[in-house]
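As structure tokens, the structure follows; a few thoughts come after it.
Every number in this text was worked out from the coordinates using simple rules, so none of it is lab data. Computed from a predicted structure; not experimentally measured. Backbone-built Cβ (ideal geometry, glycine too); neighbour counts: all protein chains shown.
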Amino acid sequence: MDSEKVIEIENLSKQFKDLKAVNNLNLNVYKGDVFGFLGPNGAGKSTTIRMLVSLIAPTEGSIKVFGKTLKQHRTEILSNIGAIVERPDFYGYLSAFKNLEIMGKISGKEISKNRIMEVLELVGLEKRCKSKVKTFSHGMKQRLGLAQALLHDPELIILDEPTTGLDPQGMKEIRDLIIYLSKEKQKTIFLSSHVLYEVELIANRMIIIDKGSAKVEGNVEELLDSKNVRVTFEVDDLEKTKLLLNNTLWIDKLDTAVNGKLIFNLSHGEAPQLNKYLVQNDIMVGAMIPTRSLEEYFLNITQKVSG
Amino acid sequence: MKKVFLLYFLITTICFAQSKDPNVIIKNLKDTFQKVKDYSADVDIKVDVTFLKVPEMKAKIYFKQPDKMHIESDGFAMLPKDGLYTSPLSLLGGEFTAIYAKDELFEGHNTSVVKIIPLNDKGDFILSTLWIDQSENLLCKVESTTKTNGTFTIILGYGNNKFPLPDNIEFSFNAVRLKLSHNSMEEENSNNKKDNPDSSTGKVFLTYSNYVVNKGIPDSIFLKKAKTSKN
Amino acid sequence: MIKLINIELYKIFKKWRTYIGFIAIAILVPVIEFALQIEGHKSLDFMTRDLQQSFIFVGNLLNTYFVSYLILNSLSVHIPFLITLVAGDLLAGEATAGTYRLILTRPVSRMKIVSSKFIAGIIYTFLLILWLAIVSLGLGYLLLGTGELMVFRGGIIMVFAKNDILWRFLLAYGFAVLSMGVVASLAFLFSALVENAIGPIITTMAIIIIFLIISAINVDLFQTIKPYLFTSYMGSWSMFFDKPIDTYEIVKSTLIMLGHIAGLFGLASYIFYKKDILT
């Protein structure tokens, strides 16, 4: 990889009394990446993110951001990071505008009123800028969290579950914003999310962690091999269908047949062809459901670990 | 016989010459003071008592015969009740027996020392001793023993006032430690704790000035409560 | 740093709980002063009853200075509670609100954050005492005027001339800021340890009350401990009403208070600096 490393985590561990929340974690994020940070609940994602933004001190290991160690260059590094850590909380008794103004002042940078309105507009909150944050819905607070992360135009944006609590329209808007920030503004995005298909759609690199350690890291496309798609066909007569497919090449692509469902590993474009073949042979196809490959990949990885 | 009579006469004269009539002395004192119908004066008060730390105070005193008194002050002033001499009558109230004790030279005054014993025990005084200037009929010193406040002494100094009114008074008394309410937190931080004897001699010095005598004082002044002239 | 302090002060004065102290003083002090205006002569007469057996009192001792002096004595419990309401919330409030994650991911050192909060807390303390002074002396002046001040200390009665009082009050209130600063520092320390403001408020008040009780019990062991308890110096403001003023004791008390403030702030800063933010 020729791109410069924005985040370098080496042998990172965090011990809390009886629990080792992060265990010898290694990962690299490159400039321009939209980096998916995945793991089941309790895997150590939040702990890692908190160490990344210096809310928690590591027990062992090192974190480098923009080529500098976080411990020694904390202030300098944080001036170029915008982050949402878990649920975004604000001063509820102050307005959205005032919260951002204060965040700007704390950062030590002169953030103009125009800039504040610009980021509020970017997240769709410009009309509620004077409202007290305690009147905001969860989704609105999520947007405001994103606004404060973008306020000082940082190079690295760390997003912990940014679409939680948003409606589908909102989720799409955030997704589009992330893509815009990545593609148009060349920002590096570190994205932790449970919405796997989102990560699949927008991330180019990812890591899956479990029990504090990295399980797999790499390029999303390479890891998921997304040329192949798993598709589930729901049919009225399973035995008839199996008999039909026995003497065809489709049988090699059949993975599982049970409870009226047949699961195939198909290449891109083969699903409609198979559908047409079944229908032409009087098989009633009730539904054709593509399986999200990252979801399955994720479950495979994490169940292997726990199993 | 003539010799016996002469001897008797001489002895009698000498004896009578040595014993004065205290009632006459008192009467003369009172009569002299009758010249004063009323007066007002400024008083500077200086207190010298171990457990009292007060700055010099000023007050104005009014007196009208026979016993009206009023005190005013711009600020706060405290004056000794027993030492607040306004007239000889303040010491000679009620029925009493006067006994001439002796003549004594006191601070340049030839004084007659007269003891006053109240005849009834309703009052506070048990015994008073007066030093009275013989020639000018001025009260120079008083020593009194009271039921409630022990013994006190008043020394009066006179200037060139044509009226029998003192320029200064020194009042000495037995200052018994007073029970005072206090704050428990303050106790810790006072540097005065060690200076609290249970009793000691206290003194109050009163200096009178600007006497205005016999110019008439309306009775209404004496109806006011002793308070600041501002209120 | 000034900017950070201004932000903290802004946040403090945007919270309703900050105004509890000011409102409490604005209600309590006038109530006391009105009551004393009506009944205060009886209290004064009672306090000076022994003295009035021997002396005639002329003048008005019931004035703003007397009342303000009485009110300053409420520094032992009442004012500390009002201080802890805000000081105890300075750090713990951020944890409760979840805003630690917001401010501590900013490019500003934790030391600056904790220092600015602490200084803002001390400024609040100063403003509260200033308010107490203004309401006590100001309203007292309007209701009762000025005059001499009679003070009972250690069995001595002291009367201060009218022009010899105000400067003593100014220094006394100044010292009160210092002693309440210790209270604020203690609450601030506890605030660094927990995630809820109730804990620091209750704990600080409990410590003050326990120390006061220990100081009041006449047992040798307790009397030995007493000089080391900061509550023993909280009343040192009254030393400005001594004749003569014991400069040595005042300087000693001042240094002890400053030492407490420095120590408590130092400890709070260290804890905050090292703290893992899990909220």
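Table for the structure above
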read-out	value
When each of A:109/A:187; A:68/A:215; A:134/A:185; A:45/A:127; A:68/A:183 is checked by Cα-Cα distance, pairs over 29 Å	A:134/A:185; A:45/A:127
Amide H contacts of residue C:48 (H built 1.01 Å from N, under 5 Å, at least 5 apart or other chain)	none
Rel. contact order, % - alpha carbon contacts under 8 angstrom, at least six apart, chain C	27
Residue B:146 long-range amide H proximity, modeled H, under 5 Å	B:126, B:151, B:152
The stretch C:19-46-the stretch A:124-165 distance, computed between alpha-carbon centres (Å)	50
Under-5 Å amide H pairs with residue B:96, H placed in peptide plane, nonlocal only	B:119
FRET efficiency, 1/(1 + (r/R0)^6) with R0 56 Å, evaluated for residue A:75 and residue A:255 via beta carbons	0.55
Added length on full extension, which subtracts the Cα-Cα distance from 0.36 nm per residue, residue C:131 to residue C:77	17.7 nm
Sparse-neighbourhood loop sites, trypsin sites (Lys or Arg not before Pro) in the stretch A:1-71 - DSSP loop, at most 10 other Cβ within 10 angstrom	A:17
Chain C, dipole about Cα centre (Lys/Arg Cβ +1, Asp/Glu Cβ -1), debye to the nearest 20	1040
Nearby aspartates and glutamates by direct alpha-carbon distance to residue B:30 (threshold 17 angstrom, same-chain neighbours under 8 apart not counted)	B:21, B:38, B:67, B:95, B:133, B:136
Hz values of 3J(HN,Hα) by residue in the stretch A:131-142 - Karplus curve (6.51, -1.76, 1.60), Gly and Pro given as x	6, 5, 5, 5, 8, 7, 6, 4, x, 5, 5, 4
Whole-Hz couplings from phi, Karplus 6.51/-1.76/1.60, listed for the stretch B:59-68; x for Gly and Pro	8, 10, 10, 10, 9, 9, 4, x, 8, 7
Residues B:44, A:282 arranged by fewest to most Cβ contacts within 10 Å	A:282, B:44
At 1.002 mPa s and 20 °C, Stokes diffusion of the protein assembly as shown via Kirkwood alpha-carbon radius, µm² per second	61
Two-site label geometry, residue C:218 and residue A:118: point separation in nm, points 7 Å out along Cα→Cβ	7.5
Loop-resident sites, the stretch B:90-153, for trypsin sites (Lys or Arg not before Pro), counting at most 11 other Cβ within 10 Å (DSSP)	B:122, B:147
Computed magnitude of the charge dipole of the stretch A:127-194 (debye, nearest 20; Cβ of K, R +1, Cβ of D, E -1)	440
Relative contact order %, the stretch A:5-224, counting alpha carbon pairs below 8 Å whose residues are six or more apart	30
Reachable lysines from residue C:42, criterion Cα separation under 24 angstrom, eight or more residues apart if same chain	B:53, B:81, B:179, B:224, B:225, B:227, B:230, C:162
Between helix C:18-47 and chain C: long-axis angle, C-alpha atoms, 0 to 90°, nearest 10	20
Estimated vicinal HN-Hα couplings, Hz - the stretch C:266-278 in sequence order (Karplus 6.51, -1.76, 1.60; Gly, Pro = x)	x, 5, 4, 4, 4, 4, 5, 5, 8, 5, 7, 8, 9
Computed magnitude of the charge dipole of chain A (debye, nearest 20; Cβ of K, R +1, Cβ of D, E -1)	1340
Charge context of residue A:251, other residues only, Cβ under 15 angstrom, K/R +1, D/E -1	-1
Selected from B:205, B:131, A:16, residue furthest toward positive end of dipole (the protein assembly as shown; charges at beta carbon)	B:131
Neighbour count of at most 14 Cβ within 10 Å plus DSSP loop: longest GluC sites (Glu not before Pro)-free window in chain A	A:185-307
Degrees separating the helix A:270-280 axis from the principal Cα axis of chain A, which is the longest one	30
Among C:138, C:83, C:197 - extreme Cα towards positive end, dipole of the stretch C:2-274, charges at beta-carbon	C:197
Over 24 Å (Cα to Cα) - which of A:98/C:112; A:172/A:253; A:98/C:275; A:20/C:275 fall in this group	A:172/A:253; A:98/C:275
Within 10 Å of each Cβ in C:238-245, the average number of Cβ atoms from other chains	4
Equivalent ellipsoid dimensions for the stretch C:2-274 as semi-axes, Å, which come from the Cα gyration tensor, largest first	37, 21, 16
Rounded tilt (10° steps) of A:168-183 against the dominant C-alpha axis of chain A	70
Straight-distance crosslink candidates among aspartates and glutamates, where the alpha carbon sits under 14 Å from residue C:11 and sequence neighbours closer than 8 are dropped	A:101, C:89, C:94
Estimated [θ] at 222 nm from DSSP helical runs (n ≥ 4, -39500 (n - 2.57)) normalised by residues in chain A, nearest 500	-10500 deg cm²/dmol
At most 14 other Cβ within 10 Å, DSSP loop - trypsin sites (Lys or Arg not before Pro), the stretch A:141-219	A:185
